[in-house]
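As structure tokens, the structure follows; a few thoughts come after it.
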Amino acid sequence: MTVGQTVKKGDTLAVADSTAAQLQLTSSQGTLASAQSKLTTDSGGPTALTKAQAANQLNQAKNSYSQAVANRKITGQQNSLTLSQSERLHGAQTHTTPAPHLPGCGRVVCGWRRDSRSDCSGSGSSAGR
């Protein structure tokens with residue numbers, strides 16, 4: 001068709017491309033079939049295998065949790081021991097050279113504290129040490 005062309009009843013004026021709509025319909029039909037199949041399977045309840053797998057996963061999760069609790073306790077004990085040993089070794093004395101740690105961290109390490117004028121590398125003011 002062109003602009004100004006005469007048309008008669010029944011002439012095709014335009015044709016829509018239905019390719020995208022057909023692809024979407026086909027995909028939706030597949031999704032529906034899959035959902036119906038899953039519904040049929042799930043309606044029968046869990047199988048013995050599914051129950052056994054779930055029980056196994058639960059036991060693994062419980063074991064993992066117990067191990068994490070034990071590891072946390074051991075780590076706490078190790079940290080307490082390290083702190084106690086450090087306090088015995090260093091007492092209340094402060095260092096003129098800081099123990100290594102991350103710049104800007106502000107942590108107290110062996111009695112040395114980073115102040116706002118220091119870069120934690122030992123340079124800058126000695127205030128706060």
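Every number in this text was worked out from the coordinates using simple rules, so none of it is lab data. The shown structure was predicted, so the numbers you read here are calculated from the model rather than taken from an experiment. Using ideal geometry, Cβ is built from the backbone for each residue, glycine included, and neighbour counts are taken over all protein chains shown.
Worth pointing out:
- Shape index of segment 1-79: Rg/Rh, with Rg the Cα radius of gyration and Rh the Kirkwood radius from the inverse mean 1/r over Cα pairs, equals 1.57.
- Backbone phi angles across segment 55-64, fed through the Karplus curve with coefficients 6.51, -1.76 and 1.60 (θ = phi - 60°), yield HN-Hα couplings of 5, 5, 4, 5, 4, 5, 5, 4, 5, 4 Hz in residue order; Gly and Pro are listed as x.
- A Cβ-based charge dipole, computed about the Cα centre of segment 1-87 with Lys and Arg at +1 and Asp and Glu at -1, lands at about 240 debye.
- All C-alpha to C-alpha distances of segment 47-91, sorted into 10 Å bins beginning at zero, yield P(r) values of 25, 24, 18, 16, 11, 6, 1 percent in whole numbers.
- Pair L83, K38: separation of 7 Å Cα→Cβ label points (nm): 5.0 nm
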